[in-house]
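Presented below is the structure to which this report refers.
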Amino acid sequence: MQRRVFLTLAASLPLAPFAARAGEATLYTPGSAEAAMDAGKVVRLECWASWCSTCAAQERVLAALKAENPAYEANIAFFVVDWDQYGKGELSKGLNIPRRSTLVAHQGRKEIGRIVAGTSTAEIKDLLDAALAAA
């Protein structure tokens, strides 16, 4: 009986960080962010890995900024791209995303800006403000 409980819990572990991490963002699946960009929406991509300390620092800053300004979530489509799963995928290749801990903002297919491995509150706020201005 305990073996069954252990196996059930173990099977759910790979998804646990993403469920906790996603918050108000949409977990990327192939075609989801691309469809939003093709529809002309303002999209912010967060290339993220559960084991990445820089990603965790970026997430803390993003969460604080989104709490301060609800307009970000009301006007920007946030997508979290699992780097371990999609880092070598078509989206990452097509947008020249070099690594995890990369934040990219787009209006439609036009890039507004990007941050690679940056955790500065001011830098991330500037990217979100630029995306909000484009919305």
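Quick notes on this one:
- Phi-based couplings in Hz for segment 116-128 (Karplus 6.51, -1.76, 1.60; Gly and Pro marked x): 10, 6, x, 10, 5, 4, 4, 5, 5, 4, 4, 5, 5
- Here the Karplus curve 6.51 cos²θ - 1.76 cosθ + 1.60, taken at θ = phi - 60°, turns the phi angles of segment 67-83 into couplings of 5, 6, 9, x, 5, 4, 6, 6, 10, 10, 8, 9, 10, 9, 9, 5, 5 Hz, with x standing for Gly and Pro.
- Proximal lysines to residue 93, defined as alpha-carbon separation beneath 16 angstrom and excluding residues fewer than eight positions away on the same chain: 110
- Amide hydrogen neighbours beyond the local backbone of residue 77, cut-off 5 Å, H modeled: 42, 43, 44
- Put simply, the amide H of residue 95, placed in the peptide plane, has no neighbours under 5 Å, leaving out anything fewer than 5 places away on its chain.
- In this view, the solvent-accessible surface of residue 121, computed with a 1.4 Å probe and all protein chains in place, comes to about 80 Å².
- Interatomic Cα distance distribution for segment 19-135, bins of 10 angstrom, percent: 14, 54, 31, 1
- Two numbers describe the Cα atoms of segment 63-129: Rg and Dmax, which are 12.4, 34 Å.
The values are calculated or read from the model by the stated rules, or taken from the named source; none is laboratory data. All values reported here derive from a predicted model rather than from experimental measurement. Areas reflect the complete protein model, heavy atoms only, side chains present, ligands, DNA and RNA absent. Shrake-Rupley method; radii C 1.70, N 1.55, O 1.52, S 1.80 Å.
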